[in-house]
Each structure stands twice: as C-alpha cells, then as structure tokens.
Amino acid sequence: MNTSTTYKYIVKRSDTKEPIIEGTRISVRDIATNWKLGHSPEEIPTIYPHLTLAQVFEALAYYQDNKEEIEAFIEKNKVPEELSDSL
C-alpha cells in the first residue's frame, strides 16, 4: 500500500518510500531527471504518454520542495561509471 502525501498526484511507494505519480510506476526522480536533462515539462508527457501535464508539474513541484530527498534517490539509482561505459 502506498502512502499519500500532501500532493494530489504524488504518493510514496510502500516498499522504498520513493515518491511516485499515483497509479503509475513513474517516480518523481524520473521526471526530475528528464527535466534536468533539458526536457521541458511540456515534452515529458511525450516520453511518458500516460502522464498529464498537471502530473508532471506537480512532480517538479515536489522535486523543488524536496530536492535533497530526490537527489538522494537520483544518486542511489545512478549506473556506476565502470558499468555505464559498457552500455
């Protein structure tokens, strides 16, 4: 069971406590990473067509309000340099 947050579209996964967009497997980390790579909020729903622009903006708002938490998830999920060279 996921835990609700004060955000309409964001819940925390019960197993990892990572915030995701409710009803999906897309994490706030995924949205923030795409935004940091230069994708505009309007472009992100073309990458994840089942998301609405409102969900993307709320994920970015969550990221801005909880930057340290999300950056920790980004760091935790990075592919190590030695492995990324072989991809």
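Helices in the chain, meaning DSSP H runs of at least 4 residues, each add -39500 (n - 2.57). Divided by all residues, the mean residue ellipticity at 222 nm is -12500 deg cm²/dmol.
When the Cα positions of Val28, Thr3, Asn66 are compared along the charge dipole of region 3-77, Thr3 comes out farthest toward the positive end, with charges on each C-beta of Lys, Arg, Asp and Glu. Bridging of Lys8 to aspartates and glutamates at a Cα separation below 15 Å is possible for Glu22, Glu58, Asp65, once same-chain residues fewer than 8 apart are set aside. If R0 is 25 Å, the Cβ-Cβ spacing of Arg25 and Glu81 corresponds to a FRET efficiency of close to 0.40.
Only the coordinates and a few stated rules stand behind these numbers; no lab work does. Quantities reported herein were computed from a predicted structural model and do not represent experimental measurements. Using ideal geometry, Cβ is built from the backbone for each residue, glycine included, and neighbour counts are taken over all protein chains shown.
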